[in-house]
Structure formats: C-alpha cells, structure tokens
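Enquirer: This is the structure I have questions about; it appears just below.
The values are calculated or read from the model by the stated rules, or taken from the named source; none is laboratory data. Given the structure is predicted, the values throughout are model-derived calculations rather than measurements. FYI the Cβ positions are ideal-geometry reconstructions off the backbone, even for glycines, and counts take in every protein chain you see. Remember, those area values only see protein heavy atoms, side chains included, never the ligands or the DNA or RNA. Shrake-Rupley method; radii C 1.70, N 1.55, O 1.52, S 1.80 Å.
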Amino acid sequence: MVISIARQSVIIKCNQQTSVLLGNYEFYYLAGLMKKLFGLDLTEDLKPEEMFRKIQGSIGSIQPKDEKEEHLIRMVSVYKPLEDYDEQMRELFRWGETEEYLWQMTTPVSR
C-alpha cells in the first residue's frame with residue numbers, strides 16, 4: 001500500500017464532500033486528523049474497534065470549523081471498522097496527527 005493514496009483519498013472526499021471511508025488505511029489517517037483538529041485522546045496503538053468507539057464517544061462534543069471538518073465527522077460516523085491493523089495504519093495515524101498541509105493534495109515531501 002502506498003500510504004499517500006489513503007491520505008489523498010481522505011482529502012479529496014473532504015474537499016468535494018463526497019463518498020465514504022473505504023478501509024482502515026483511510027480511517028487511521030482520518031483518526032490522526034481528528035486528534036490534531038479536535039484534540040481527541042487517540043493513539044496509533046488503538047485497535048480499529050477501540051479507535052472507532054473513542055471517536056464515536058467524542059463526536060457529540062466536536063465543533064467543526066468548516067464544511068471539510070463536518071464531512072470528516074460525517075464520514076467517520078457511518079464507518080464500520082475492519083479488523084485489519086498494521087504498521088502502515090499506525091504511520092497514517094501519525095501523518096494525520098502531524099499534518100502540516102491540511103486539505104492539500106500535494107506536499108513538498110512525499111512519504
């Protein structure tokens with residue numbers, strides 16, 4: 001898996017406000033973004049179901065600043081996490097939580 005594809009997919013979906021999450025790679029990047037944007041108490045070591053429960057438990061208190069953040073919340077609210085969990089998902093989470101180029105398709109340095 002080329003992890004930049006999962007990142008770009010989430011960004012496209014939020015920019016265009018279309019579609020849903022298609023797997024745990026996108027989910028983990030999104031979870032990292034949610035930690036960054038909303039200060040959620042999430043870590044890369046959480047397994048998919050536990051990560052999902054923690055996010056769901058926080059959705060009611062999240063205040064999105066724009067339509068992209070609203071779509072991010074909408075996508076995760078209907079997601080059904082898969083059991084799959086690997087190092088690339090942890091890497092995508094870290095990328096999301098440290099994202100410097102919010103909503104931008106390209107970055108100066110590819111991962």
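Enquirer: In the range 61-109, which GluC sites (Glu not before Pro) are in a loop and have at most 13 other Cβ atoms within 10 Å, using DSSP for the loop call?
Expert: E83, E100
Enquirer: Evaluate the chain: find the radius of gyration of its Cα atoms, find its Kirkwood radius, and give the ratio Rg to Rh.
Expert: 0.91
Enquirer: Moving on to the next point. What is the sum of charges around L72, taking Lys and Arg as +1, Asp and Glu as -1, for the other residues whose C-beta is under 15 Å from the C-beta of L72?
Expert: 0
Enquirer: Among L42, L92, L30, which one moves the most in a GNM of the chain with springs linking Cα atoms closer than 10 Å?
Expert: Residue with maximal mean-square fluctuation among L42, L92, L30: L42.
Enquirer: Using DSSP to call loops (not H, G, I, E or B), can you name the trypsin sites (Lys or Arg not before Pro) in the range 33-76 whose Cβ has at most 11 other Cβ atoms within 10 angstrom?
Expert: K65
Enquirer: Same structure again: Using Cα pairs under 8 angstrom and six or more residues apart, how large is the relative contact order of the chain, in percent?
Expert: Reported as a whole number, the value is 44 percent.
Enquirer: Which of these, D45, D84, D66, has the largest mean-square fluctuation under a Gaussian network model of the chain (Cα springs below 10 Å)?
Expert: Result for the chain, Cα springs under 10 Å: D66 fluctuates most.
Enquirer: So, one more: Keeping the other protein chains in place, figure out the carbon and sulfur percent of the accessible area of the chain, with a 1.4 Å probe.
Expert: Of the solvent-accessible surface of the chain, carbon and sulfur hold 49 percent.
Enquirer: OK, next. Could you please report the charge total around I12, scoring K, R as +1 and D, E as -1 over all other residues with beta-carbon less than 13 angstrom from its beta-carbon?
Expert: The answer is +2.
Enquirer: Further question on the same structure: Please give me the summed charge of the neighbours of D86: other residues whose Cβ is under 13 Å from its Cβ, Lys and Arg +1, Asp and Glu -1.
Expert: Charge balance near D86 sits at -4.
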